[in-house]
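Heads up, the thing below is written out as structure tokens.
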Amino acid sequence: MLMPSLRVSMAVFIAVLVVSACVSRGDVESMSATEFQKMRTEIPVTRDVALLAYVNCVVRDIVAELPEPYRTMNWEVEVFDNDSANAFAMAGGKIGIFVGIFTVAQTNDQFAAVIGHEIAHVTQDHTVERINRAQVTGGVISVTSILVGDQTGLGTAGTQSLLESTAELGLLLPFGRKQESEADLEGLDFMASAGFDPRASIQLWKNMANAAEGAPPEFLSTHPSSDTRIGDLISHMPEALNYYNEAIASGKQPRCQK
Ligand SMILES: [Zn+2]
């Protein structure tokens with residue numbers, strides 16, 4: 001692990017400052033907006049116009065189903081040209097997708113499950129919760145390791161230090177297990193309400209687990225085990241299918257094409 005100890009102590013120091021300050025949602029949203037903008041300029045983004053249109057289409061369809069204030073929030077999505085099977089969400093409606101996610105999210109419905117999950121992290125204020133939690137100090141070290149580890153394939157030193165500073169601010173910390181489960185279940189309802197088939201989420205997490213057998217995508221290392229996750233999704237499926245059937249009956253049919 002490429003981790004000079006000075007950098008670790010800086011991360012811990014900053015995390016302690018952030019924790020003791022107990023930030024508000026407004027603070028976190030403005031930090032997120034700044035960091036997201038910085039990532040967009042410093043990490044290569046895709047120039048694939050069709051792919052961008054597709055990703056935005058899925059996000060738009062799902063956001064249309066959200067309660068206020070989220071439906072009219074200024075959602076922003078960026079697609080980073082990087083092979084990691086990863087995605088992230090930050091407070092204030094910022095979503096990042098790495099193109100590598102499409103190796104596991106192979107259909108419209110599977111990709112909608114990823115987007116529903118990320119949107120649910122935002123609607124449930126997970127970034128704010130995470131930053132305000134005391135265990136954040138340990139989290140900074142682990143996320144820094146995850147983000148700058150050799151397995152990420154993220155190229156330049158500049159990219160690494162950007163991700164580190166973003167992690168230090170707590171904006172990209174891995175969410176806790178409970179938050180991941182909450183995002184899974186609420187995300188399922190969101191995608192289903194937009195007319196995406198929620199049953200596809202099961203195959204998505206199976207694909208994730210298979211992809212992890214080679215080199216684990218970071219997405220997995222911060223998420224519940226796939227067996228737990230799939231079990232929980234199956235338990236919640238009847239409710240999600242009600243939303244899905246209502247959506248289909250009312251003529252909602254996602255038209256997003258990759
Ligand atoms: Zn998550």
Distance between modelled label sites at THR41 and ASN74, nm, 7 Å Cα→Cβ extension: 1.6
Estimated vicinal HN-Hα couplings, Hz - the stretch 116-127 in sequence order (Karplus 6.51, -1.76, 1.60; Gly, Pro = x): x, 4, 5, 4, 5, 4, 6, 5, 9, 6, 5, 5
Neighbour-count ranking [beta-carbon atoms within 10 angstrom, fewest first] of HIS126, HIS121, HIS236: HIS236, HIS126, HIS121
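On a full-extension model of 0.36 nm per residue, what is the gain between SER30 and LYS258, subtracting their alpha-carbon distance, rounded to one decimal in nm?
Numbers: separation 228, 0.36 × 228 = 82.08 nm, distance 3.19 nm.
Gain in length upon complete extension: 78.9 nm.
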Per-residue Cβ neighbour rank within 10 angstrom, fewest leading, PHE36, PHE102: PHE102, PHE36
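Where a number appears in this text, it was derived from the coordinates with a stated rule and is not lab data. Small disclaimer: the values here were computed from a predicted structure and weren't measured. Every residue, glycine as well, gets a Cβ built from its backbone with ideal geometry; the counts of neighbours run over all protein chains shown.
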